[in-house]
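Below is one structure; the comments refer to it alone.
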Amino acid sequence: MLQRILACLALLLAAAFPQLAHAREGKTRLAILGVDHGAQLVAEKDQPGALAAFLDHVKPGAVCIERPPEQASRQDYYEFTYEVQGVILPWVAKSGTELCPIDWMPPMDDQLLGFGIDLDTPPEVRKPQGFQGFLTFPDRKTLDRDFFSAEDPAALAPLQKWASEPAPRADRDLPRRLYLYRTFMQAQRIRAIAHKRKGETVLVVVGYFHKPDIEAILKSDPGIELVSPASLGRPADDAVRAATTAEHRGAILSFNLLGMQAATGIVNFDWVERVLADFEGTAASPEARLFATRLAVLAGKISLPEAARRYDAIAADPLAGKPFSWDGVKDRTRIDSFFDPFGNLDVRQRAQVELARTLFAQGKAPRAGQLLDRLATGLSPRKALQLRGYAPMLEPARTR
């Protein structure tokens, strides 16, 4: 009789306090990998192959990403989360690992009430930089970002200070208050996933600014063992190279050479040259030749007339009418991507854009304008309007 009573009591306790049952069955090992969205494309020590190799090494039971479940179920992701679309999604598709979206965002009505805009939809013509503008990394320190940079408390201290101090004016405190609530909800979704993955490793890949608060919220859960991602091991250089794909290399080259990052001058040219050498292989495609020409221009290794001749030859190549290996475009009805005003053009069209940029730099504005007008005739009305809206960025005073 006593044994039956104790058994019933155990069942009641498990139902009332599921975390106790969870702890008895084994803790979930939880690693929060803090990332700087998109920085993988400019920082060699944080490159795409490093994350791919880390996933191969850890072999997590589930990977959590920064997107609300509702949007992720429609294959709708933040356009700037390169680590998700460029690395994690291909990896989970190949490995069969569970993908767990854990973000939370306010409903559209609340976004409009609080900010006056839809946070997910960029303007018809984006600003050169800043919120809802093109993504760039203007701080040279980003080039030295390490794969485990978010494990350094000093890197997180400014964010924690901002999160703990209300704005001087309460009516301007919404970003901080929303951050706190959003991060709390992220932690709760992670908790639910961890409780389903008893005894396994769950990897959370999230913006580094969310990491300290998520860990603070989950550290007292008896069913979760928080571990440092660095403690799981750093991928070796040969593993990183083996995990790097042609799409990864194409993304690095596009972001640094064709996107707005080039205008900042903050580019690791030595790394980009090595990436290009691997991308070219033994037979350089029109895409590779376009990258090589743009790199030579930015590095000051060829004259503007020579660059114009090369761009013209690429545009005339019958094989150039193909999309880029990777372009980061989310909305195919637009001409741009999150980092490049002309990101949704094929190689031939982009060679024409770069030719126009070179003509502007030579003081041949009328000819450059005629070239862009001809290009616009082959585009949809929306793309043609955006092409004209972004055309001033090709002029020397606006870009490098």
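The values are calculated or read from the model by the stated rules, or taken from the named source; none is laboratory data. Being a predicted model, the structure only gives us computed values, none of them experimental. Cβ coordinates were reconstructed from backbone atoms using ideal geometry, including for glycine residues, and neighbour counts include every protein chain displayed. The area values use the complete protein model at the heavy-atom level, side chains included, leaving out ligands, DNA and RNA. Shrake-Rupley method; radii C 1.70, N 1.55, O 1.52, S 1.80 Å.
Of the whole protein surface, residue 287 contributes about 20 Å² of accessible area at a 1.4 Å probe radius. Residue 141: which lysines have alpha carbons under 20 Å from its alpha carbon, excluding same-chain residues fewer than 8 sequence positions away? Filter leaves 45. Apply the a/c threshold of 1.5 to the C-alpha gyration tensor of segment 250-315 and tell me whether it is rounded, prolate or oblate. Oblate is the answer for segment 250-315, as a/c is 1.5 or above yet b/c matches or exceeds a/b.
Counting only protein heavy atoms and using a 1.4 Å probe, the accessible area of residue 105 comes to about 50 Å². Check which residues have an amide H placed less than 5 Å from residue 225's amide H, if you skip close sequence neighbours. Sorted by chain and number, the residues that satisfy this are 28, 29, 30.
The packing ranking of peptides 331-337, 69-75, highest mean first, is 331-337, 69-75, where packing means the average number of other beta carbon atoms within 10 angstrom of each residue. Dividing the Cα radius of gyration of segment 36-193 by its Kirkwood radius returns 0.96 for Rg/Rh.
Of the complete DSSP H runs in the chain, those spanning 15 angstrom or more by Cα along the long axis with a mean Kyte-Doolittle score not below 1.0 are 2-16, 48-58. Ordering 81-94, 154-167 by mean Cβ neighbour count within 10 Å, with the highest value first, yields 81-94, 154-167. For segment 332-371, the equivalent ellipsoid built from the Cα gyration tensor has semi-axes of 22, 10, 8 Å, listed from largest to smallest. Placing 373, 173, 36 in order of accessible area, with the largest value first and a 1.4 Å probe, yields 373, 36, 173. Most simply put, the chain has about 0% antiparallel DSSP beta bridges, counting only bridges with both residues inside it. Residue 117 exposes around 60 Å² of accessible area when a 1.4 Å probe is run over every protein chain in place.
Measuring against 28 Å, Cα to Cα, the residue pairs 301/364; 196/219; 211/330; 322/383; 59/322 contain 59/322 as the ones spanning a longer distance. In sequence order, segment 89-101 has phi-based couplings of 4, x, 5, 5, 5, 6, 8, x, 6, 5, 9, 10, x Hz under the Karplus curve 6.51 cos²θ - 1.76 cosθ + 1.60, θ = phi - 60°, and Gly or Pro positions carry x. For segment 112-270, the Kirkwood estimate of hydrodynamic radius, built from reciprocal distances between every pair of different alpha carbons, is 19.2 Å. An oblate overall shape is assigned to segment 283-394, the ratio a/c of its alpha-carbon gyration tensor axes (a ≥ b ≥ c) being 1.5 or greater and a/b not exceeding b/c.
In terms of accessible area, using a 1.4 Å probe and ignoring ligands and nucleic acids, 224, 217 rank largest first as 217, 224.
Using 0.36 nm per residue and subtracting the Cα-Cα separation, the extra length available between residue 284 and residue 129 on full extension is 52.5 nm.
A crude spin-label estimate for the pair residue 331 and residue 364, with each label 7 Å from Cα along the Cβ direction, gives 3.4 nm.
From the largest down, segment 89-182 spans 45, 32, 30 angstrom on the principal axes of its Cα atoms.
To the nearest 0.05, what FRET efficiency results for residue 373 and residue 119 with a Förster distance of 30 Å applied to their C-beta separation? Here the calculated transfer efficiency is 0.30. Quick one: 3J(HN,Hα) in Hz for segment 138-145, Karplus 6.51/-1.76/1.60 with θ = phi - 60°, rounded, Gly and Pro as x. Couplings: x, 9, 4, 4, 4, 4, 9, 4 Hz. The charge dipole of the chain, taken about its Cα centre with unit charges on the Cβ atoms of Lys, Arg (+1), Asp and Glu (-1) only, comes to about 340 debye. Classify segment 211-348 from the C-alpha gyration tensor, please: rounded if a/c falls under 1.5, else prolate or oblate depending on whether a/b exceeds b/c. The shape class here is prolate. Selection among 216, 319, 259 by position relative to the dipole of segment 208-366 gives 319 as farthest towards the positive end (Cβ unit charges, Cα centre). The stretch between residue 269 and residue 302, if pulled fully straight at 0.36 nm per residue, gains 10.4 nm over its current Cα-Cα span. A value for percent of Cα pairs over 30 Å apart was derived from the coordinates, and within the list (i) 48; (ii) 40; (iii) 57 it appears as (i). When the Cα positions of 134, 154, 108 are compared along the charge dipole of segment 89-159, 134 comes out farthest toward the positive end, with charges on each C-beta of Lys, Arg, Asp and Glu. Under a model in which nothing but the beta-carbon of Lys, Arg (+1) and Asp, Glu (-1) is charged, segment 65-157 shows a dipole of about 340 debye around its Cα centre.
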